[in-house]
Amino acid sequence: CTKWRIPHLNPCDEPEHIKDIVPNDHLALSVPPKTEAKSKALKAKKAVLKGVHSHKKKKIRTTPTFRRPKTLRLRRQPKYPRKSAPTRNKLDHYAIIKFPLTTESAMKKIEDNNTLVFIVDVKANKHQIKQAVKKLYDIDVAKVNTLIRPDGEKKAYVRLAPDYDALDVANKIGII
């Protein structure tokens, strides 16, 4: 401050009103005041005196791979159903059985083996064929044999129960 020759322009002698305008608050924010530091230290001292009374067991890891624990997965709550209506079962009893076969060999089966021969849907299984015949013709079925013909159709040999006669059923259906 000594190098200033003009006495009224000495920066060391700042007027009081300038000190009020530009405070040194930015320095005070970084360092906590003494009372704050003291309370922090007292709190730490109290915690140390109190001590830790809980005993946390150390979990022993027996494998080097970490498996993510299974957490709760809540069910989805959609705002609206994505499908407007449930899909209809396209393979009903009428779709399963297409038509009865009336070939010479099929007639022989009716007479000799008490068996009706049908052309059925390729996707139908033996249980479905049995249920469809039972419902459509009101007869009991002993067993069903199926094969897929070279032209891609499925043929079903439906063996009737002993108390039903295939010839009578064939007449009732209208095969003969």
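Every number here is computed from the coordinates shown, using simple stated rules; none is lab data. Owing to the predicted nature of the structure, the values given are computational and were not obtained by experimental measurement. Every residue, glycine as well, gets a Cβ built from its backbone with ideal geometry; the counts of neighbours run over all protein chains shown.
The table below lists the values:
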read-out	value
Val158 vs. criteria under 16 Å from Phe99 (Cβ atoms) and under 42 Å from the mean Cα position of the chain (by Cα)	yes
Answer from Lys155, Lys70, Lys130 - the residue that is in contact with a Lys or Arg (Cβ under 7 Å, 6 or more places away or on another chain) and either farther than 18 Å from Ile176 by Cα or surrounded by 15 or more Cβ atoms within 10 Å (Cβ to Cβ) (or both)	Lys155
Candidate set from the stretch 158-176 (those that are of a type in the set (Asp, Glu) and part of a loop (DSSP other than H, G, I, E, B)); member that is surrounded by the fewest Cβ atoms within 10 Å (Cβ to Cβ)	Asp163
Residue in the stretch 113-131 that is farther than 16 Å from Ala156 by Cα and either in contact with a helix residue (DSSP H, G or I) (Cβ under 8 Å, 6 or more places away or on another chain) or not basic (Lys, Arg) (or both) present	no
Scan of the stretch 101-144 for residues that are within 18 Å of Asp163 (Cα to Cα), part of a loop (DSSP other than H, G, I, E, B) and of a type in the set (Val, Ile, Thr), ordered by number	Ile139
Pairs with Cβ under 7 Å, 6+ apart, first in the stretch 93-108 and more than 17 Å from Lys130 (Cα to Cα), second among the β-branched types (Val, Ile, Thr)	Thr102/Ile175; Ala106/Val117
